[in-house]
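Novice: Okay, handing you the structure first.
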Amino acid sequence: MPKLLQINITANWGSHGRIAEEIGQLAMHNGWESYIAYGRWANPSKSHLIKIGSMWDERWHGVQSRLLDNHGLASKRATKQLISAIKEIKPDLIHLHNIHGYYLNYPLLFDYLSHAEIPVVWTLHDCWPMTGHCAYFTYAKCEKWKKECSNCENLDSYPISYIIDNSRSNYAKKKKYFNIIRNLTLVPVSDWLSGIVTQSLLKNNTVKVIHNGVDVEIFKPLGRGTLPKGLLNGKKIVLGVSSKWEKRKGLEDFIKLRSILGPDYLIVIIGVSEAQKRQMPDGIIGICRTDNLEELVCYYSSADVFINPTYEDNFPTTNIEALACGTPVVTYRTGGSPEAIDEQTGIVVEVGDINGLVDGIKKVCQSEHKEEIRRLCRERAVKYFNKNDRYKEYLDLYQSLLNK
């Protein structure tokens with residue numbers, strides 16, 4: 001029985017954690033033994049879970065990162081313990097996901113993997129592996145990552161550094177260590193990110209695009225009657241969902257939308273913090289993050305339109321969750337966000353174009369073919385983003401690497 005070890009910041013928590021969990025479940029269904037090593041948060045898992053480090057390790061890493069701009073360079077003891085666990089498990093294949101997040105020392109890990117002769121698959125969920133500091137650079141309109149990062153303009157974005165700029169040194173370290181594994185396959189989850197990889201410090205590695213998938217048996221149309229009684233009141237529901245709302249996710253654009261859309265529209269935003277919830281103006285219902293998928297599906301199914309005003313993103317899972325529930329998507333033309341939809345299932349507008357969002361919302365909500373559009377959304381999700389189909393691509397990749 002082959003053994004799979006996945007490494008991620010979370011286990012069965014958040015979009016990336018659920019992806020790792022579902023890949024592990026599919027692997028087990030096909031005869032693999034599955035392990036997930038995680039750094040910070042976890043929900044119960046069907047895989048064997050391995051906690052990397054302690055809360056103290058994570059916090060100390062965070063302090064160093066904020067003061068020294070050395071994200072991914074602390075957590076030495078925790079990483080050595082992980083390496084010991086890898087030696088004990090003896091996995092046939094290692095699958096990396098997000099290795100940033102204050103829990104791992106990448107030079108130690110990659111140095112070990114370069115000598116371990118274990119095939120490594122690395123799913124890229126953002127741009128952090130290719131920069132000297134940030135996870136995204138679109139909003140800052142920076143292209144230094146193509147040659148060499150320095151004098152970073154993004155120090156105030158994740159992973160925040162308060163004082164020191166080590167972007168040049170960080171870039172050099174990543175270029176060295178992320179290119180020392182001979183048997184490494186990179187998996188960007190969008191065509192957009194694949195294009196970024198080909199221009200980056202990772203450009204000499206093998207690349208295979210695999211889009212994210214969702215469970216289309218969970219995310220499915222339930223009808224509008226599933227929301228709490230009295231919420232609809234004949235209004236058209238404009239929905240936004242994120243695990244964390246910040247400036248780059250477009251929360252402020254929802255506020256602007258509220259001032260333009262008429263009283264016939266109700267905006268529902270899921271994933272806000274308690275502080276953000278208290279600041280919501282009339283006409284916007286803020287709902288804190290929920291891990292209750294049934295509740296989330298009810299909101300997706302009841303919405304007339306899903307809005308994703310993200311300013312920078314890779315391939316948002318929320319877009320395909322909405323489609324699977326039969327809800328059309330209006331999104332900005334940024335990153336891989338437009339890749340989930342086509343002309344029949346959504347509308348793409350230019351970044352920051354609030355009036356374009358308004359036009360898109362009204363076009364969808366006033367369409368005479370709503371039921372047909374919902375049917376097409378569902379069909380597109382089932383055809384292209386069924387998790388069983390997408391994650392089988394990983395199993396096929398695993399097998400091809402083991403057969404080499």
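The values are calculated or read from the model by the stated rules, or taken from the named source; none is laboratory data. These numbers were taken from a predicted model, which means no experiment stands behind them. We place every Cβ from the backbone using ideal geometry, glycine too, and count neighbours over all the protein chains shown.
Novice: Scan region 173-193 for residues that are more than 19 Å from S15 (Cβ to Cβ) and either surrounded by fewer than 15 Cβ atoms within 10 Å (Cβ to Cβ) or within 15 Å of the chain's Cα centre (by Cα) (or both) and jot them down.
Specialist: Listed by number, the residues that qualify are K176, I180, R182.
Novice: Moving on to the next point. Can W56 be described as surrounded by fewer than 19 Cβ atoms within 10 Å (Cβ to Cβ) and part of a helix (DSSP H, G or I)?
Specialist: Yes; evaluated as a whole, the condition is true for this residue.
Novice: Which one is farthest from D156 (Cα to Cα), of the residues in region 59-74 that are in a loop (DSSP other than H, G, I, E, B) and of a type outside the set (A, V, I, L, M, F, W, C)?
Specialist: G72
Novice: Of the residues G286, G271, G335, which single one is of a type outside the set (S, T, Y), outside the structural domain of A135 (by TED's automatic domain parsing), touching a residue at least 24 places away in the same chain (Cβ under 8 Å) and out of contact with any Asp or Glu (no Cβ under 8 Å at 6 or more places or on another chain)?
Specialist: From the options G286, G271, G335, the qualifying one is G271.
Novice: Might you let me know whether region 25-34 holds any residue that is outside any helix (DSSP H, G or I), in contact with a helix residue (DSSP H, G or I) (Cβ under 7 Å, 6 or more places away or on another chain) and assigned by TED's automatic domain parsing to the domain that holds L108?
Specialist: Looking through region 25-34, at least one residue is outside any helix (DSSP H, G or I), in contact with a helix residue (DSSP H, G or I) (Cβ under 7 Å, 6 or more places away or on another chain) and assigned by TED's automatic domain parsing to the domain that holds L108.
Novice: Confirm whether K363 is in a helix (DSSP H, G or I), basic (K, R) and over 30 Å from S34 (Cβ atoms).
Specialist: yes
Novice: Here's something else I'd like to know. Pull up region 202-214, narrow it to residues that are part of a loop (DSSP other than H, G, I, E, B) and touching an Asp or Glu at 6+ places or on another chain (Cβ under 9 Å), then point me to the one that is surrounded by the fewest Cβ atoms within 10 Å (Cβ to Cβ).
Specialist: K208
Novice: Identify, from the list F254, F315, the residue that is in contact with an Asp or Glu (Cβ under 8 Å, 6 or more places away or on another chain) and either at pLDDT below 95 or not assigned by TED's automatic domain parsing to the domain that holds C127 (or both).
Specialist: Criteria check complete, one pass: F315.
Novice: Then there's this: Restrict the check to region 38-53 and report whether at least one residue is under 22 Å from G213 (Cα atoms), among the aliphatic types (A, V, I, L, M) and either without any contact (Cβ under 8 Å) to a residue 24 or more places away in the chain or buried (at least 17 other Cβ atoms within 10 Å of the Cβ) (or both).
Specialist: Within region 38-53, one or more residues are under 22 Å from G213 (Cα atoms), among the aliphatic types (A, V, I, L, M) and either without any contact (Cβ under 8 Å) to a residue 24 or more places away in the chain or buried (at least 17 other Cβ atoms within 10 Å of the Cβ) (or both).
Novice: Out of the residues in region 374-387 meeting the condition of being under 18 Å from the mean Cα position of the chain (by Cα) and in a helix (DSSP H, G or I), tell me which one is surrounded by the most Cβ atoms within 10 Å (Cβ to Cβ).
Specialist: Applying the filter and picking the extreme gives A381.
Novice: Being out of contact with any helix residue (DSSP H, G or I) (no Cβ under 6 Å at 6 or more places or on another chain) and at pLDDT 95 or above is the filter here, so list the residues in region 6-18 that pass it.
Specialist: Result: I7, I9.
Novice: Is it fair to say S114 is out of contact with any Lys or Arg (no Cβ under 8 Å at 6 or more places or on another chain) and polar (S, T, N, Q)?
Specialist: no
Novice: For a quick check of your reading of the model, give me the residue pairs whose first member lies in region 12-25 and is hydroxyl-bearing (S, T, Y), whose second is surrounded by fewer than 22 Cβ atoms within 10 Å (Cβ to Cβ), with beta-carbon atoms closer than 8 Å and at least 6 apart or on different chains.
Specialist: That search, which allows pairs on different chains as well, returns S15/S243.
Novice: Mind checking which residues of region 77-136 are among the acidic types (D, E), assigned to a loop (DSSP other than H, G, I, E, B) and within 21 Å of K176 (Cβ to Cβ)?
Specialist: E117, D126 - these are the residues of region 77-136 that are among the acidic types (D, E), assigned to a loop (DSSP other than H, G, I, E, B) and within 21 Å of K176 (Cβ to Cβ).
Novice: Another question about this same structure. Kindly list the number of the only condition in (1) among the hydroxyl-bearing types (S, T, Y); (2) surrounded by 15 or more Cβ atoms within 10 Å (Cβ to Cβ); (3) more than 24 Å from I7 (Cβ to Cβ) that fails for T198.
Specialist: Evaluating T198 over (1) among the hydroxyl-bearing types (S, T, Y); (2) surrounded by 15 or more Cβ atoms within 10 Å (Cβ to Cβ); (3) more than 24 Å from I7 (Cβ to Cβ) leaves (2) as the failure.
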